[in-house]
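Chemist: Supplied in C-alpha cells, the structure appears directly below.
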Amino acid sequence: MKGKAFIHRLLTAAVALLVMSCSSDEAQVQAQNYATMTQKMYITIDGRTEAVTLADNSATQALVGKLLEAPVTVTLSSSGGFEIWGALGFSLPTSNEQIDAQPGDVILYSGSNICIFYGTNSWSYTRLGHIDGLSESELRTFLHAGETDISVTLSLSQPTGISHVRGGENLSRAYTLQGTLAQEHTKGIIIKNGKKILR
C-alpha cells in the first residue's frame, strides 16, 4: 500500500507540475501579447526613421511576429494623391472596418498590402498604427509623396539603435527592441547574443 501511495503522490506532483508549466506558457503568451500591443514599429525611408504606435489587433500581432524574425523592406508607390502603398509580400489577418484614414495612418488593405497615408481617404481597412508626431507637410516629405518605387523598411528597432557594438566587449550585453541597453530588471523581449529572450 505504501508503494501505491508513493506512486499516487508522484503522479499528483507530476500533474501539478504539468499544470504549472501550462500556466507558465500561458503567462508567457500573455506577456508577449502585452509586449506586442505596447510595441512601436519603425519606418525607415532614405535613411530617416519615424516611429509608429501600433494598434491592438491580430494583424499587428502577426506583423510583430514577422518583424521579430527580421526587418521587412517593401517597395511602395504614391496613389490617389493621399497615400503610398504596395504589397507586403505576405498576408496578415484582417479585421476590416470602415475607416476615415488620416495623415500618418498605417493601414492594411486586402490582407497583403500596406498603405501609409499623407492625406485622407475613407474605405474598409484594417488599422495597423499611426506615425507619431508629424504634420501633414512633414509626412508628405518623409513619405516622398507623388513618387514611385519608394523603398520602405519596417522594423522593431531604430537602425541606429545598436550601431556601436564593437569586438567581444559587448557580446554579453542585452538590448531592448528599441536598441537601448537592457538592465537586469528590464522586462519584455530582449536581444542577447543575437537571440530573442522573453523576460
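Chemist: For every other residue with a beta carbon closer than 14 angstrom to the beta carbon of residue 52, add +1 if it is Lys or Arg and -1 if Asp or Glu, then tell me the sum. Don't skip to the answer; put the middle values down first.
Modeler: Working: positive: 40, 48, 127; negative: 50, 56, 105, 132.
In short, -1.
Chemist: Taking the highest mean first, how do the peptides 95-108, 77-90 order by number of other beta carbon atoms within 10 angstrom per residue? Mind showing how you got there, number by number?
Modeler: Numbers: 95-108: 17.6, 77-90: 15.9.
Going from most to least packed, we get 95-108, 77-90.
Chemist: Provide the net charge surrounding residue 41, with neighbours chosen by a C-beta distance below 12 Å and charges set as Lys +1, Arg +1, Asp -1, Glu -1. All intermediate terms of the calculation are to be shown ahead of the outcome.
Modeler: Numbers: positive: 40, 66; negative: 50, 132.
Here the count lands on 0.
No value in this document is a laboratory result; all are computed from the given coordinates. The model shown is predicted, which means the values in this text are computed figures rather than measured ones. No Cβ is skipped: glycine too gets one built from the backbone with ideal geometry, and neighbour counts run over all protein chains shown.
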